[in-house]
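Scroll down for the structure; my scribbles are underneath it.
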Amino acid sequence: MTETTHMQTTPPGPGAKPRSPEYRVAVDSLHGLRQDLFRDAFAYRPLPRRSVEGRLVRRLPARLRGYATWTPHALIALAALITLFLASVDTDGMVLLAVPLTVIPVLLTMIRPVGAFWASMASTPVVALLVGNWNNWPWAASSFACHLTVLTVVAIRTRPRTAGWMWALTGLYAIVADMGIGPTYVYGTNSGPMLVFSAMILLCVTVWHIRRNAEQEVTAQQTVTAHERSRRTLLEERTTIARELHDVVAHHMSVVAIQAEAAPYRVENPPPELEKAFATIRENAVAALTELRRVLGVVRAEDYEAPDAPQPTLADLEGLLANVREAGLGVEKVVTGAVRELPQGVELSAYRIVQEALSNTLRHAPGATARVEIGYVLGGLGLRVVNGPPPNPSLIKPSPGAGHGITGMRERVSMLNGEMTAGGTDDGGYEVAVFLPVILPDEDDA
């Protein structure tokens, strides 16, 4: 068993007495009442028009959408007409006085919602005295409809706490009216129906508020989650690229250092200038390798191990295509241009892009066929991976990671200053087109 100790908080100030939790609850409640129903009670808050993006409005013809945005205002105007009809039936000679007192609060909800509540509360006893029908005390028929309408609209336009305060004040008025200011001891009262109906309506509106707020929070959370997932995927892809860069560049720098160290021994009686030049090359290569390992080596996880096999290149595509064919994807490869050896970073990025594009095809277009086109052109390497539409779209399962592979592709292409387009085709398939520039040796020497 656990024992909870309630501590009394002492308000600041010398000689102040400690306040009980009940006192704080009462003070907070009065503060909430003042904030919801008294502060800026008659502030101008026009009722906004309905959004044209609503599920029902979007299905209407374009000509009717402009009128459909005024639906909330039209419903309030209809309620005002019903109240007007009830007021004209209840009153005989006093219709000119009773009608404005019951119609104006309803219309006021469109511009000053909290003020409309106070106007309805103030008009209720006046209309009851003007009508003189003691069978409907303390709410005449028109006042009954007016107050229910006002409570509903104001509760929709404000927060649930305000609805609770309005119902409490309505109940307080009913108690006071039934305790002696009206002839209830003879004819009875309709306070019970008013409190029951208003409580049911306000409860429904409160549930609607809670559900809408929950949906908004879920939508916002999903947006944040998707953004964080995309950002995490991007960071992971950058980490992978940095690791691969480390492996590729570190290998070449090590080869440069070893060759610079061994070169003087391959020449008989090399001149001192040549030995000094090779020594300088080796020192710079070792220094660059050390700096490279210091900067890029930090991206390795503690349990990361360098691959035993060399990084894949375009020459290894046949093994990749064989794997995806075994997985059920029909794929063909087309090579154009003179095949030549490209920088290892370009070869690796091209391989990864084709690998990711085919993986997306397996995931999002099961049963479709794919085509891999590789073009060796003068200024670089062109890639195009296109797949047809899935033969059975019902087999496609939703994937929460959709789009993150494209992010990784763009990151690799951006690293090499290339260009990339990705999007759907006219027949319902998908296409990824990439160009990776490659500087020719004579251009580099120039």
(message) Taking 0.36 nm per residue of sequence separation and subtracting the Cα-Cα distance, how much length would be gained by fully extending the chain between Glu228 and Arg266, in nm to one decimal?
(response) 8.1 nm
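Quick one: if the Förster radius is 51 Å, what FRET efficiency do Ser88 and Thr219 give, using the C-beta to C-beta distance and rounding to 0.05? Walk me through the numbers on the way to the answer.
On the way: r = 47 Å, r/R0 = 0.91.
The formula returns an efficiency of 0.65 here.
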(message) Give me the one-decimal nm value for the distance between modelled label points at Arg39 and Leu97, 7 Å along each residue's Cα-to-Cβ direction.
(response) 3.8 nm
(request) Apply the Karplus parameterisation 6.51 cos²θ - 1.76 cosθ + 1.60, with θ equal to phi minus 60°, to every residue of the stretch 383-389 and state each ³J(HN,Hα) to the nearest whole Hz, in sequence, with x for glycine and proline. (result) 10, 8, 10, 10, 10, x, x
(request) Would you kindly find the accessible area of Glu356, with a 1.4 Å probe and non-protein molecules such as ligands, DNA and RNA excluded, rounding to the nearest 10 Å²? (result) 50 Å²
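Which peptide among 141-148, 40-47, 376-383 comes first, and what is the full order, when sorted by highest mean count of other Cβ atoms within 10 Å?
The densest-packed peptide leads the list: 141-148, 376-383, 40-47.
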(message) Suppose each label sits 7 Å from its Cα in the direction of the beta carbon; what would the Leu274-Leu47 distance come out to in nanometres?
(response) 9.6 nm
(message) With θ taken as phi - 60° and the coefficients 6.51, -1.76 and 1.60, list the Karplus ³J(HN,Hα) couplings across the stretch 226-242 in order, rounded to whole Hz; mark glycine and proline as x.
(response) 5, 5, 5, 5, 5, 5, 5, 4, 5, 5, 5, 5, 5, 4, 4, 4, 5
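The values are calculated or read from the model by the stated rules, or taken from the named source; none is laboratory data. Since this is a predicted model, take the numbers as computed values, not measurements. Don't worry about glycine lacking a Cβ; one is built from the backbone with ideal geometry, like all the others, and counts go over all protein chains shown. The protein model used for the area step is the full one, side chains on, heavy atoms only, and it has no ligands, DNA or RNA in it. Shrake-Rupley method; radii C 1.70, N 1.55, O 1.52, S 1.80 Å.
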